[in-house]
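Here's the structure, in structure tokens; my notes come after.
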Amino acid sequence: MVRTPTKVTNTVLLLLLPLLTITGCAKLLGVEEGLAPEDEPYLFDRWDPDFELAQPCQEVSDQTLADHGIERWENPYRVPDAEGLDSCSFMTSNQGVIHLSGAAYKLATLEAEASPLDYEVDSKKQPALAFKDDEIDDFCRIAAETPRGTVEVGFSSPPLDDLPVFEECLQAEMYFDLLIGEKLNEYRAN
């Protein structure tokens, strides 16, 4: 499995869709703040003074990364962070890629737009979803909804390993537990 510029560009474009929904569309339609009723099942209201976005990228300690042979990776194709999105990427010691994010959209958005996978996420994380952005996405992604947004960890195996989807999802969930872990309960206690 080789990460070609086309695959990376497609992944970036698929990640942009929820971002545009969150940040741009409301202003283009003349809505300055608040959500339209039809958006409420899909988005968190970033204009609500009580809403505080989960920011897992800023809460992962360098010590945790070092202890597990993980390095921060500045992905040249990554979606730029914006209001309503906090994202980052990491590289494992064997060249696997981890994507971590917190976003102001709900699981219903992913259920409507992504490709669900036949993988059962641990019941402690529910409501949660295992998915790929689309059929050509190299990542298995595990997302869990909280009152502070949806937190997500994606994993893609090293190019020469080409793991089956189930194995990639096991890895994604393991990294979810490592990088988000108990913070999930804190995000949900909001």
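See the values below:
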{"item": "Some residue of the stretch 85-94 being over 14 Å from Phe155 (Cα atoms), free of Cβ contacts under 8 Å to residues at least 60 places away in the same chain and in contact with a helix residue (DSSP H, G or I) (Cβ under 8 Å, 6 or more places away or on another chain)", "result": "yes"}
{"item": "Complete set of residues in the stretch 118-151 that are closer than 18 Å to Glu182 by Cα, assigned to a loop (DSSP other than H, G, I, E, B) and in contact (Cβ under 8 Å) with a residue 40 or more places away in the chain", "result": "Val121, Asp122, Pro147, Arg148"}
{"item": "Residue in the stretch 159-174 that is within 29 Å of Arg46 (Cβ to Cβ), touching a residue at least 12 places away in the same chain (Cβ under 8 Å) and in contact with a Leu (Cβ under 9 Å, 6 or more places away or on another chain) present", "result": "no"}
{"item": "Meets criteria (surrounded by fewer than 23 Cβ atoms within 10 Å (Cβ to Cβ), under 26 Å from Asp45 (Cα atoms) and without any contact (Cβ under 8 Å) to a residue 24 or more places away in the chain) for Ser115", "result": "yes"}
{"item": "Matching residues in the stretch 100-112 - criterion: being crowded, with 21+ Cβ neighbours inside 10 Å and either free of Cβ contacts under 8 Å to residues at least 40 places away in the same chain or part of a strand (DSSP E or B) (or both)", "result": "Leu100, Ser101, Gly102, Ala103, Tyr105"}
{"item": "Residues satisfying the stated conditions in the stretch 53-76, i.e. assigned to a loop (DSSP other than H, G, I, E, B), at pLDDT 90 or above and not aliphatic (A, V, I, L, M)", "result": "Gln55, Ser61, His68, Gly69"}
{"item": "Residue that is nearest to Ile180 (Cα to Cα), among those in the stretch 37-56 that are touching a helix residue (DSSP H, G or I) at 6+ places or on another chain (Cβ under 6 Å) and surrounded by 13 or more Cβ atoms within 10 Å (Cβ to Cβ)", "result": "Ala54"}
{"item": "From Val121, Val165, Val97, Val151, residue being crowded, with 22+ Cβ neighbours inside 10 Å and either within 11 Å of the chain's Cα centre (by Cα) or not small (Gly, Ala, Ser) (or both)", "result": "Val151"}
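The values are calculated or read from the model by the stated rules, or taken from the named source; none is laboratory data. Bear in mind the structure is a predicted one, so any value in this text is a computation, not a measurement. Note: ideal-geometry Cβ built from the backbone for every residue, glycine included; neighbour counts use all protein chains shown.
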